[in-house]
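Encoded as C-alpha cells, the structure appears first; notes follow it.
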C-alpha cells in the first residue's frame with residue numbers, strides 16, 4: 001500500500017529541501033517515489049506545499065481531501081489550512097512556530113489563538129513540537145526544517161535509512177554538524 | 001543508472017542524450033528549470049534569450065544551420081513566439097527542432113490556463129505529450145527523431161505536474177548526432193508568398209498524411225487492455241492521475257503523440273470497451289475529435305474544464321466514489337498570499353506611489369511588482385502580460401485625458417521585462433508623444449522565476465561575464481529628454497518622492513529607473529547580512545504607519561512593534577517612514593548600507 005505525505009509551510013522554510021532529502025532516501029531504500037512541488041509565487045512568503053507518495057508503484061503524487069497518511073505542517077496555521085487533506089486516523093506533525101502572514105501584519109486579519117489545542121482536541125494523532133527551539137538547542141535556528149525531517153522519519157518508522165548521509169549531500173559542509181544534531185533532536189522527540 | 005528527477009531535469013537530460021547542440025529559453029514558471037539544467041551540460045550552447053520569440057528564432061536558425069536545437073517557454077510564452085512558430089511549420093527543419101511549451105492547468109503561477117495543445121492543429125505542427133519524468137527524457141529523444149524524419153518542428157507539451165514532479169529516471173548515454181550539412185534552399189527557407197504557397201500545399205499534401213499514419217502506428221499511442229467496462233482516453237499528467245485513481249479497473253488508450261490524432265486507434269479502442277471517458281485537462285481537444293468520429297464518449301459534460309483533474313475527481317466521476325471524510329476544525333487560518341520580501345527594493349517606490357491613489361493610475365506587469373497590487377499597497381490597476389505595463393499605459397493615459405480625469409498613468413515593469421517587450425512600449429510612448437510615466441524597477445535579475453540572468457545582469461546563464469546592457473543609455477537613445485529621466489536609489493525615500501513629484505509635473509514621456517539589486521541575490525544577502533533595523537519602544541507610539549509599507553519583517557507582538565532581525569536587511573524604508581523617528585538601523589561589523 002502506498003503512503004502519502006503532505007508537507008506544508010511558508011516560502012523560505014526549507015520544505016522543498018526536506019522533500020528532496022526524503023524522496024531521495026526513499027528511492028534508495030527501493031521504493032517507487034513521486035514528489036510534487038508547487039512553487040513560483042510561493043517563494044515570496046506565500047504558502048508552500050509538497051506532496052510525496054511512495055510504495056511499490058506510484059503514478060501520481062497528488063493528494064486531495066482526506067488522502068494524506070501524514071501531514072507535516074512547518075507552521076501551525078498551515079496545519080489548519082491543509083488539515084482537510086489528512087486521512088481520518090492519519091498523523092499530523094506540527095511545528096508550533098508562528099510566522100505571521102502579511103494580512104495579519106497589516107492588521108487586516110487576526111492570527112488565531114489556541115491552534116495547537118484545537119488540533120489536539122479534534123485530530124486523533126498529533127505530534128506537536130517547537131522545532132525552532134529544538135534547532136536553536138542544536139545550534140542554529142535555520143535548521144528547524146531538519147528537526148521536522150527527524151520527526152517525520154521517526155513517525156514513518158524509516159530510521160534505518162542513512163539520512164545523515166543525505167543531509168551531508170544536500171547541505172553545505174560547514175552546516176553539517178548543526179544539521180545532524182538538529183536531525184537527531186527531531187528523532188528524539190517521539 | 002537511476003536518478004530522481006523532475007520532468008524539467010529529465011527534459012534537460014533528454015536534450016543532452018539526444019545530441020542537442022543549441023538550447024534557448026526565456027524564464028517562466030513552470031518551464032524555467034529546463035534551460036537551467038541544460039546549461040550544466042558543456043556540450044550544449046544554451047542562452048537566456050530576451051524573449052520567447054527570440055528564443056524560438058535562435059533555435060530555428062540553429063536547426064536550419066544543421067544542429068539539433070530546442071526552445072523552451074511557459075504556455076503564454078508561445079503566444080509571444082507564435083509568429084515564427086506558424087511559419088516554421090511550413091518550412092520544416094534541417095537539424096531536429098523541438099519547441100517545449102510548459103502549460104499550467106490550475107494556474108499555480110500564471111495569468112491564464114490556455115491549453116497549448118490547440119496550437120498544434122492550428123499551426124499543423126506535430127505534438128508530443130509525456131506523462132512523467134522518464135517519458136520526458138525518452139519522448140524528447142523521440143521528438144528529435146520525428147522532427148528529422150518528417151521534416152517538421154515538434155511541439156512538446158508538458159504541464160506543471162509533469163515539470164515539477166520528481167520521479168525515477170533511468171539515464172542513458174549521449175548520442176553525438178553532429179551537424180548536418182546546410183544547403184542553401186530558398187524555396188524551403190525563404191517564405192515569400194510564392195514559396196510559402198508551395199510549402200503550404202506541400203505540408204497539407206505530403207507531410208500531414210504521413211504524420212497521421214505515424215500517429216496510428218506509433219507506440220507513443222498505446223492501448224492497455226484491462227477490464228472492458230471502462231475505457232479511458234487520456235494523455236500527459238492525466239494519464240498518471242487516471243492510473244492512480246482507476247488502476248486495473250479501466251482499460252486505457254494513452255495518447256503520447258497527440259497531433260495528428262490517431263483515428264484508427266480510437267475506433268479500435270472503442271471496440272474493446274463499453275464506455276469511454278476522455279480525461280484531459282482544460283480544453284476538450286481529444287473529446288471533440290473522438291465525437292466527430294461518431295464515437296460516444298464522456299468528457300467535459302462530467303469533467304471540469306477549469307483547473308487540474310486530480311485522481312479524486314476521476315474516482316468521483318468514473319467510479320461514483322464520494323470524497324473521503326476528513327477533520328473539520330472550528331478555527332480558520334488567515335490568508336497567506338505571497339508578498340514583496342523584506343528588503344525588497346520595490347517597496348519604497350510602491351509605498352510612495354500608494355500615496356497618490358487619487359492622482360495616478362498604475363498599469364503594472366508580470367513579475368514581483370504584480371505583488372504591489374495587493375494589500376496594503378494596492379498599487380496597480382492592471383496586470384495582463386509581459387510588456388503591457390508600458391503599452392497599455394499609453395492607451396489608458398489617452399482616455400484619462402479624453403475623460404478629463406486629471407490623472408496621470410504610471411507604467412511599471414522590471415529590467416528583464418524591459419528587455420523582453422518593454423522597450424517597444426517605450427519607443428511607442430516617445431514616438432506617439434504620450435505623457436506616460438514609465439517606471440523601470442531595475443534589480444539586475446529576473447527575480448520572480450528564481451534569479452535568472454538577463455541582458456542587464458552582466459552575466460550569462462553559465463555565470464560567465466557578459467556585456468551589461470545599459471538601460472539608461474537605451475532610454476536616452478529612444479529620445480526621452482534628459483530632464484525627463486530620473487535614476488534613483490529606491491531605498492532612499494526622498495529620491496522616490498522627488499522622482500514621482502517631478503513625473504507628475506512633467507510633460508511628455510517620463511522615465512524613472514530605480515537601481516537596487518534584488519534583496520535575495522546571494523552577494524546582496526552577504527553584504528547586508530549584518531544590517532537590521534530596530535524599534536525604540538520608548539519612542540514608538542504604535543501609530544502603525546510602518547505597517548503601511550507592507551514589510552513581512554514588521555509585526556506587532558504583545559502590543560509591541562517588532563522587526564524580525566533575520567528577515568530585515570536594513571533597507572531603512574521603515575526608518576524613513578516612521579513619523580516619530582522610533583526606528584533605527586543597526587550596522588554590525590562588516591555590514592555596509594549603500
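The values are calculated or read from the model by the stated rules, or taken from the named source; none is laboratory data. Bear in mind that the values here come from a model prediction, so they are computed numbers and not experimental data. Using ideal geometry, Cβ is built from the backbone for each residue, glycine included, and neighbour counts are taken over all protein chains shown.
Quick notes on this structure:
- Helices (runs of 4 or more DSSP H) wholly inside the range B:308-411 that include at least 3 residues being away from chain A (no Cβ under 11 Å): B:346-354, B:388-402
- Residue check, residue B:570 away from chain A (no Cβ under 14 Å), surrounded by 13 or more Cβ atoms within 10 Å (Cβ to Cβ), out of contact with any strand residue (DSSP E or B) (no Cβ under 9 Å at 6 or more places or on another chain) and in a loop (DSSP other than H, G, I, E, B): no
- The condition of being at positive phi and out of contact with any strand residue (DSSP E or B) (no Cβ under 7 Å at 6 or more places or on another chain) holds for only one of B:348, B:343, that being B:343.
- Hey, residue B:441 in a helix (DSSP H, G or I), crowded, with 22+ Cβ neighbours inside 10 Å, touching a strand residue (DSSP E or B) at 6+ places or on another chain (Cβ under 9 Å) and touching a residue at least 60 places away in the same chain (Cβ under 8 Å) or not: no
- Qualifying residue in the range B:169-186 (condition: at pLDDT 95 or above, within 27 Å of the chain's Cα centre (by Cα) and either assigned by TED's automatic domain parsing to the domain that holds residue B:257 or more than 23 Å from residue B:60 (Cα to Cα) (or both)): yes
- Test: residue B:76 is in contact with a strand residue (DSSP E or B) (Cβ under 8 Å, 6 or more places away or on another chain), at pLDDT 95 or above and in the same structural domain as residue B:194 (by TED's automatic domain parsing): no
- Scanning the range A:56-78 for any residue that is in contact with a helix residue (DSSP H, G or I) (Cβ under 7 Å, 6 or more places away or on another chain), surrounded by fewer than 16 Cβ atoms within 10 Å (Cβ to Cβ) and more than 10 Å from every other protein chain (Cβ to nearest Cβ) turns up nothing.
- Condition met for residue B:508 (on the phi > 0 side of the Ramachandran plot, more than 28 Å from the chain's Cα centre (by Cα), surrounded by fewer than 20 Cβ atoms within 10 Å (Cβ to Cβ) and not assigned by TED's automatic domain parsing to the domain that holds residue B:569): yes
- If the condition is being within 18 Å of residue A:86 (Cβ to Cβ) and more than 7 Å from every other protein chain (Cβ to nearest Cβ), then the range A:105-121 contributes A:116, A:117, A:119, A:120, A:121.
- Residue match in the range B:271-279 (condition: free of Cβ contacts under 8 Å to residues at least 12 places away in the same chain, surrounded by fewer than 24 Cβ atoms within 10 Å (Cβ to Cβ), more than 9 Å from every other protein chain (Cβ to nearest Cβ) and not in a loop (DSSP other than H, G, I, E, B)): yes
- Note on the range B:539-562: among residues that are more than 11 Å from chain A (Cβ to nearest Cβ) and touching a residue at least 24 places away in the same chain (Cβ under 8 Å), the one that is nearest to residue B:353 (Cα to Cα) is B:545.
- Highlighted here are the strands (runs of 3 or more DSSP E) found entirely within the range B:1-120 that include at least 2 residues which are under 23 Å from residue B:453 (Cα atoms): B:22-25, B:45-48, B:69-74, B:97-103.
- Residue that is farthest from the other protein chains (Cβ to nearest Cβ), among those in the range B:294-307 that are touching a residue at least 40 places away in the same chain (Cβ under 8 Å) and within 26 Å of the chain's Cα centre (by Cα): B:306
Matching residues to (1) more than 19 Å from residue B:331 (Cβ to Cβ); (2) facing another protein chain (nearest Cβ under 8 Å):
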{"site": "A:81", "(1), (2)": "no, yes"}
{"site": "A:89", "(1), (2)": "yes, no"}
{"site": "A:126", "(1), (2)": "no, no"}
{"site": "A:135", "(1), (2)": "yes, no"}
{"site": "A:155", "(1), (2)": "yes, no"}
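- Scanning the range B:445-456 for residues being closer than 25 Å to residue A:11 by Cα, surrounded by fewer than 23 Cβ atoms within 10 Å (Cβ to Cβ) and either away from chain A (no Cβ under 14 Å) or free of Cβ contacts under 8 Å to residues at least 24 places away in the same chain (or both) gives a total of 1.
- Pick from the range B:527-545, criterion part of a loop (DSSP other than H, G, I, E, B) and closer than 28 Å to residue B:517 by Cα, ranking: farthest from the chain's Cα centre (by Cα): B:544
- Complete set of residues in the range B:225-236 that are surrounded by fewer than 23 Cβ atoms within 10 Å (Cβ to Cβ) and either in the same structural domain as residue B:156 (by TED's automatic domain parsing) or not in a strand (DSSP E or B) (or both): B:225, B:226, B:227, B:228, B:229
- All positions within the range A:159-183 that are surrounded by fewer than 17 Cβ atoms within 10 Å (Cβ to Cβ) and in a helix (DSSP H, G or I): A:164, A:165, A:168, A:169, A:170, A:173, A:174, A:176, A:177
- Of all residues in the range A:1-48, those satisfying the criterion of being within 8 Å of another protein chain (Cβ to nearest Cβ), within 23 Å of residue B:10 (Cα to Cα) and modelled with pLDDT of 90 or more are A:20, A:23, A:24, A:27, A:32, A:33, A:34, A:35, A:36.
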